[in-house]
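Below is one structure, written out as structure tokens; the observations come after it.
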Amino acid sequence: MRSVPGLLLLAGLTLPAFAAEPSTLIGERRARAEWAKAENRQHCAPLALAAPGQPEGAPRAAYFGGGWGVAFDLPDQRSAYGFAGTGLLPDDEADATVQRDRLYRQWPYFRDLPQFSAPSFAGYGREGAEPYLDGNAGGAGLPSLAYVRIAGQRCAYNVWSKISRAHLLWMLDNLRIVAD
């Protein structure tokens, strides 16, 4: 499968590239559909991406108990990257200072997310809250994960990439709340 602007070529079949996902935000339609079914929809707004990434995957539903999720599949990799609003946990009720401290201590890397109202931030690293390896500081091919807190939301968001650390950081920079 390969992409051509405006078209998706698949085994000789040509389809409009965005027939299943007509939106200005990437994954928005799928996020809205999953969010509408989620138990936490009153406290955990849906997210989408501001721009398509490289590589660009096909969005699908991802199960997150009590919450919602969108995974992006590549032709050779299921759930290559994605984002989710997890089900409500007791720690989700804590104020931003407590949450910031918890994520800062839990994860080897930390960053603020200035595209959202303050305080919005993420702790991230390899799955298991591990640092990247000295021989692979870019995390190429390693499962990367971020726990994200967004001001005004009462849930922890998960953002993941099995592509690279740079891809995960690109996703964090391109996350947007889907408007009502």
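The values are calculated or read from the model by the stated rules, or taken from the named source; none is laboratory data. Everything numeric here is computed off the predicted structure, so don't read it as measured data. We place every Cβ from the backbone using ideal geometry, glycine too, and count neighbours over all the protein chains shown.
Structural remarks
- Scan of segment 46-73 for residues that are within 17 Å of Trp170 (Cα to Cα) and among the aliphatic types (A, V, I, L, M), ordered by number: Leu47, Ala48, Leu49, Ala50, Ala51, Val70, Ala71
- Pairing each residue of segment 116-137 that is without any contact (Cβ under 8 Å) to a residue 60 or more places away in the chain with any residue that is acidic (Asp, Glu) and not in a loop (DSSP other than H, G, I, E, B), provided the two are 6+ apart or on different chains, yields C-beta distances under 9 Å for Ala118/Asp112; Pro119/Asp112; Ser120/Asp112; Phe121/Asp112; Ala122/Asp112.
- From the list Ala146, Ala137, the lone residue that is among the small types (Gly, Ala, Ser), touching a strand residue (DSSP E or B) at 6+ places or on another chain (Cβ under 7 Å) and under 22 Å from Gln54 (Cβ atoms) is Ala146.
- Among the residues of segment 144-180, those identified as out of contact with any Phe, Trp or Tyr (no Cβ under 7 Å at 6 or more places or on another chain) and assigned to a loop (DSSP other than H, G, I, E, B) are Gly152, Gln153, Arg154, Cys155, Ser164, Val178, Ala179, Asp180.
- Selected residue (only one of Ala166, Ala156 is more than 21 Å from Cys44 (Cα to Cα) and in contact (Cβ under 8 Å) with a residue 24 or more places away in the chain): Ala166
- Strands (runs of 3 or more DSSP E) (entirely within segment 1-104) containing at least 3 residues that are out of contact with any Lys or Arg (no Cβ under 8 Å at 6 or more places or on another chain), modelled with pLDDT under 90 and at negative phi: 2-4, 7-10, 13-16
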